[in-house]
1. With a cut-off of at most 14 other beta carbons within 10 Å, and DSSP calling the residue loop, which trypsin sites (Lys or Arg not before Pro) in the range 131-205 qualify? Please list them.
2. Just for the chain, what percent of DSSP beta bridges are antiparallel, to the closest 5?
3. Among the GluC sites (Glu not before Pro) within the range 147-242, which fall in a DSSP loop and have no more than 11 other Cβ atoms within 10 Å of their own Cβ?
4. Taking the Cα centre as origin and putting +1 on Lys and Arg beta-carbons and -1 on Asp and Glu beta-carbons, what dipole magnitude results for the range 1-160, to the nearest 20 debye?
5. Report, in deg cm²/dmol and to the nearest 500, the calculated mean residue ellipticity at 222 nm for the chain, where each DSSP H run with n ≥ 4 adds -39500 (n - 2.57) and the sum is divided by the residue count.
6. How big, on average over all directions, is the shadow cast by the Cα convex hull of the chain, in nm²?
7. Among 53, 391, 76, whose Cα sits farthest toward the positive end of the charge dipole of the chain (+1 at Cβ of Lys/Arg, -1 at Cβ of Asp/Glu, about the Cα centre)?
8. Nothing charged except the Cβ atoms of Lys and Arg (+1) and of Asp and Glu (-1): what's the magnitude of the dipole of the range 84-175 about its Cα centre? Round to the nearest 20 debye.
Amino acid sequence: MEKLLITGPTSLKGEVEISGAKNAAVAILPATLLIDGVCTIKNLPNISDVKISCEILEALGAKITWIDKNSITVDSRHITTTQAPLNLTSKFRASYYIIGAMLGRMGKVQVAMPGGCQLGARPIDQHVKGFEALGAEVSIEKGQINASAKKLTGNSVYMDIVSVGATINIMLSSVLAEGTTIIDNAAKEPHIVDVANFLNTMGADIRGAGTDIIKINGVEKLNGNATYCVVPDQIEAGTFMLAAVASKGDILIKNCITKHLESITAKIIEVGGNVEDYGDSIRVWNNERPKHATIKTLPYPGFPTDLQPQMGVVLSLADGTSIIDESIWDSRFQYTDELNKMGSKINAQGSRAFFEGVPQLEGAPVYSTDLRAGAALIIAGIVANGETQIYNLEHIDRGYENIEEKFRKLGANIKRVNE
Ligand code: EPZ
């Protein structure tokens, strides 16, 4: 079994290049199934979720050629089946995008219920509401989702809850539908805009992505014959910003869109950190113990739930008592048990966690419970006194490209070893 060995404390200093956004890539790849042609995608993060997505596309009949570790061409002119491989689609959450894309292209699909990070209940009722509004029939039997539609017709869909996945999935299933679809109360995350930009580049007609009303005018077909570059990862950039604050370091985060980072920047300044915004890169530095703060996770542009555990490390070291209110997921505080093994004093109760700041963490063996918890534990290991071992690295490898290499270049004493 692999584990990360980290010896701290280290103040992280230097520059880091941000990779393409995981949550854009895992939607753009299924979206290629809508294209009756060939397309090229660049700036894909080299992570296991991307690799699994490509395997699913190939199992459905798409031809994928790797140009380099971050770029591919996809030829989806010949889709040969509507049964997505159960062993692959059950592995991660974003496999539900196969439903929207295959419904849109083929009018039929069977996919395993999605897996992914254990964050509590992860229903897909809003996805199903959208598919049925467009005329599809959806059933869930024996852990498998069956969806079919003789014809998809544009309709208006009001989202009962702001959902990234459902917003993207309804977009995917409507680009080739007859007529116009309106998604009201849509999610506004940067990766949603990126998926819409990708589809428009390939011939779709989507307007308003990034606002809470998205209008999709159905088109005959998507021709592809274009190249698209995935947006930089807002969550990876925020992870390194918060690592700079927690480690009292000084990091220049390059190849990011600072507009996407405004909520993180605001909180970093509030806890006493310093930020210099250069538009496509951002410098974060800190010399003091962080001040306490109150955080409520919200849909974009609010503070992102995917940076909640990383912010938890900063608050566990802050001067005073802090509160995090996790409004998106009903079980995203498992990492606090692991931080408490390292000397933090966190009391998680339901959707809230109370942090009594401590001056220093101590290294310990800890277990990554999900992708972003794993990133938080890496930051904790870097700032802690002594040695930390982090297990369950498969969670981390799903969403961060070369994370230990990137932290090592910033001065961290970190290495991956086989136990
Ligand atoms: C996406 O998950 C991300 N995953 C998550 O990131 C992220 O935490 C989440 O959006 C919120 O930003 C991917 O993009 C692959 P939602 P998703 O639908 O789409 C409820 C990471 O670390 N809901 O926006 O599954 C749901 O239970 C991962 O990169 C319904 O009730 O999230 C949650 O409370 C973890 N019914 C809320 O909405 C539905 O049909 C938001 O979920 C759908 C969602």
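Coordinate-derived values only; no laboratory data. This one's a predicted model, so the numbers in the text were calculated from it and none came from an experiment. Here the Cβ is made from the backbone with ideal geometry for all residues, glycine too, and neighbour counts use every protein chain on show.
1. Passing sites in the range 131-205 are 142, 150, 151.
2. 70
3. Answer by residue number: 220.
4. Working: 17 positive and 14 negative charges, 20 e Å.
It comes to approximately 100 debye.
5. Working: 14 runs with 134 residues, N = 419.
Calculated from helices alone, the mean residue ellipticity at 222 nm is -9000 deg cm²/dmol.
6. Numbers: hull surface 71.9 nm².
If I average the Cα hull's projected area over directions, I get 18.0 nm².
7. 76
8. Numbers: 9 positive and 5 negative charges, 55 e Å.
It works out to roughly 260 debye.
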